[in-house]
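Each remark here refers to the structure printed beneath this line.
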Amino acid sequence: MQQAQYQLIIVGGGPAGLTAGLYAARSRLKTLLVEKGVTGGQVLSTDWVDNYPGFIEGISGFDLMDKMTAHADRFGLEKKYATIVSLDLTGPIKSVTLESGEILTAATVILCTGARPRRLDIPGEFEFTGRGVSYCATCDGPFYRDQEIAVVGGGNTAIQDALHLTKFAAKVTIIHRRSELRATKILQEKAASNPKIDFIWDTQVLEVRGNKSGVDSLLLKNHSGDESVLNVSGLFVLIGIAPNNELLLPNHLDADKGGFIVTDEEMATSIPGVFVAGDIRSKRSRQIINAAGEGAVAELSAEHYLGNQAP
Ligand code: NAP
């Protein structure tokens, strides 16, 4: 039978992929991690991580991912920085086709493609992206020094990032579509007691408005149907995540209605030899520690699968 080049290919270099890579390299599996950008994933745009065990005073998202990358490197994980254009996961040998035309093969694959910020899909949002509309407080917060800005969303990301934005902005208005936040109590308390943060409840953003130099206001509508205008120079859209599943769905992996990939508790998908870990997986909790833990489980499952395939 034809031999695959690798025992394991890991797709994606966030906390899930890097942890799977660390375990695989330490187990001396012939492994390749393919990442299209830089390793670190979404955590790179997280200002501060306060709840990753072992970092008592907290750690910046950048530093945490730098350490995870260095840890996998210490065991000699082979990495390739390239864009994948297609995956063929059916059959005993899985193939990964790169933009360059190169085809890589492996006996098992762990998919850690993660997720990306969701959009509001309202008029003006696309037009003003990068000129007042942002999806990353850590990246763009410093551009709004002493300005009045808004955050839309009521989850952990929205509240944590609104707190971060108060370091720069004169005022941060959190616009939430309900009267209750989804974020944890400790974040709610911090936001409620921050003098720079205001809330607008039961309200949706209908339109982002502006001119050549960028955003100048938002059109809002509350639950009673009343419309109003809020003058701000920036809008941070922090309303959750959408799965990076474009390469995965053509392979007919089982997915939930949001497009996140369904696995069993060992991270096995509906296709033998294909495992999934991190934010792309269908689940309730999306923490860095979950992603890392799932990366470890997926790698151990891949090893188990390879053991059962051995002649
Ligand atoms: P999330 O928990 O799904 O919250 C999304 C928020 O956006 C919700 O408040 C939701 O409103 C609102 N929303 C969704 N669609 C909307 C729309 N079209 N218009 C207006 N508002 C909309 O997402 P997240 O905050 O990005 O967090 C994602 C995951 O990462 C969560 O599991 C979270 O716990 C985790 N996380 C953890 C930390 C941490 O531990 N420090 C930090 C950040 C994120 P409703 O409440 O009405 O649904």
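The values are calculated or read from the model by the stated rules, or taken from the named source; none is laboratory data. A quick note: this is a predicted structure, and the numbers were derived from the prediction, not measured. Cβ coordinates were reconstructed from backbone atoms using ideal geometry, including for glycine residues, and neighbour counts include every protein chain displayed. Surface accessibility is based on the protein's heavy atoms, side chains included, excluding ligands, DNA and RNA. Shrake-Rupley method; radii C 1.70, N 1.55, O 1.52, S 1.80 Å.
Here are a few things to note about the model shown:
- Placing one equal scatterer on every Cα of the chain and applying the Debye formula, the log10 ratio I(q)/I(0) at q = 0.06, 0.09, 0.12, 0.15 Å⁻¹ is -0.24, -0.51, -0.83, -1.12.
- The calculated Kirkwood hydrodynamic radius for the stretch 121-189 is 12.6 Å, given to one decimal from all distinct C-alpha pairs.
- Rolling a 1.4 Å probe over the protein heavy atoms gives the stretch 165-305 an accessible area of 50 Å² per residue.
- Cross-link partners of Lys80 among lysines, defined as those whose alpha carbon lies under 19 angstrom from its own and excluding same-chain residues fewer than eight positions apart: Lys30, Lys36, Lys67, Lys94.
- Here the spin labels are modelled as points 7 Å beyond Cα on the Cα-Cβ line, and at Lys30 and Ser60 they lie 4.0 nm apart.
- Here the relative contact order of the stretch 147-256, from alpha carbon pairs under 8 Å that lie six or more residues apart, stands at 29 percent.
- Distant-in-sequence amide H partners of Asp47 (H built 1.01 Å from N, under 5 Å): Thr138
- Relative contact order, percent, the chain [alpha-carbon distance under 8 Å, six or more residues apart]: 20
- Mean-position separation - Cα centroids, the stretch 96-166 and the stretch 26-56, in angstrom: 17
- Listed residues Ala192, Ala25, Ala242, most fluctuating in the chain (Gaussian network, C-alpha, under 10 Å): Ala192
- Only the Cβ atoms of Lys and Arg (+1) and of Asp and Glu (-1) were treated as charged; on that basis the dipole of the chain about its Cα centre amounts to roughly 200 debye.
- Compared with the direct C-alpha span, the chain from Asn231 to Gln204 gains 8.2 nm at full extension, assuming 0.36 nm per residue.
- Applying a 4.7 Å Cβ-Cβ cutoff to the chain, the cysteines left without a disulfide-compatible partner are Cys112.
- Accessible surface of the stretch 93-220, 1.4 Å probe, proportion on carbon and sulfur as whole %: 50
- Anisotropy class assigned to the stretch 1-42 is oblate, per the alpha carbon gyration tensor with a/c at or over the 1.5 cut-off and a/b no larger than b/c.
- DSSP-assigned coil residues among GluC sites (Glu not before Pro) in the stretch 173-258, each with at most 16 further Cβ atoms within 10 Å: Glu180, Glu246
- Inverse of mean 1/r across different Cα pairs in the stretch 137-255, Kirkwood, Å: 15.3
- GNM remark for the chain: springs join alpha carbons under 10 Å apart, and the peak mean-square fluctuation among Ser45, Ser86, Ser179 falls on Ser179.
- Of the residues His71, His164, ranked by 1.4 Å probe accessible area with the largest first, the sequence reads His71, His164.
- By definition, a body whose alpha carbon gyration tensor gives a ≥ b ≥ c is oblate when a/c is 1.5 or more and a/b is not larger than b/c, and the stretch 1-158 fits this oblate description.
- Looking at the stretch 1-153, the accessible area is 49 square angstrom per residue; that uses a 1.4 Å probe and ignores ligands, DNA and RNA.
- Most mobile listed residue (Gly214, Gly12, Gly61) in the chain, GNM with C-alpha springs under 10 Å: Gly214
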